[in-house]
Amino acid sequence: MSPSSTTLQKSRSSTQLKPPPRYQVVLLNDDFTPMDFVVEVLMRFFNKTAREATIIMLQVHNMGKGICGVYTKDIAATKVTMVMQYARSHQHPLLCTMEQAPE
């Protein structure tokens, strides 16, 4: 084996790809958005069952926020935008944000 091929093998084996960072989409509590609307949003945009959506809605209501799902950055940003547009079109002040998920 030539020295150049040994160097090439070492550099290939020492390079490890890390998965892209993941982001949580979070709904925040407010005093005006109806609980039924929050459940509808969770079912419509996050494919939650009625039971799952109710559990998350209660977390939002009781703890101030609830995690809807964990996605790549672009998908999380798109979901936040879609939820915010939908809430505004129905005249609700529901807030949806994204934050980097813990590793």
>> Cβ-Cβ under 6 Å, sequence separation 6+ or interchain: first residue in segment 34-52 and more than 19 Å from ALA76 (Cα to Cα) and small (Gly, Ala, Ser), partner in a helix (DSSP H, G or I) and open to solvent by less than 80 Å² (accessible area, probe 1.4 Å). Which pairs?
In response: none
> For segment 29-45, does any single residue satisfy the condition of being at pLDDT below 95 and loosely packed, with under 15 Cβ neighbours inside 10 Å?
Replying inline: yes
> With respect to GLU52, is the statement that it is at negative phi, among the charged types (D, E, K, R), under 17 Å from the mean Cα position of the chain (by Cα) and modelled with pLDDT under 95 true?
Replying inline: no
> Is it the case that segment 57-77 has a residue that's exposed (fewer than 14 other Cβ atoms within 10 Å of the Cβ), in a strand (DSSP E or B) and of a type in the set (Val, Ile, Thr)?
Replying inline: yes
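The values are calculated or read from the model by the stated rules, or taken from the named source; none is laboratory data. This one's a predicted model, so the numbers in the text were calculated from it and none came from an experiment. Here the Cβ is made from the backbone with ideal geometry for all residues, glycine too, and neighbour counts use every protein chain on show. Note: areas computed on protein heavy atoms with side chains; ligands, DNA, RNA excluded. Shrake-Rupley method; radii C 1.70, N 1.55, O 1.52, S 1.80 Å.
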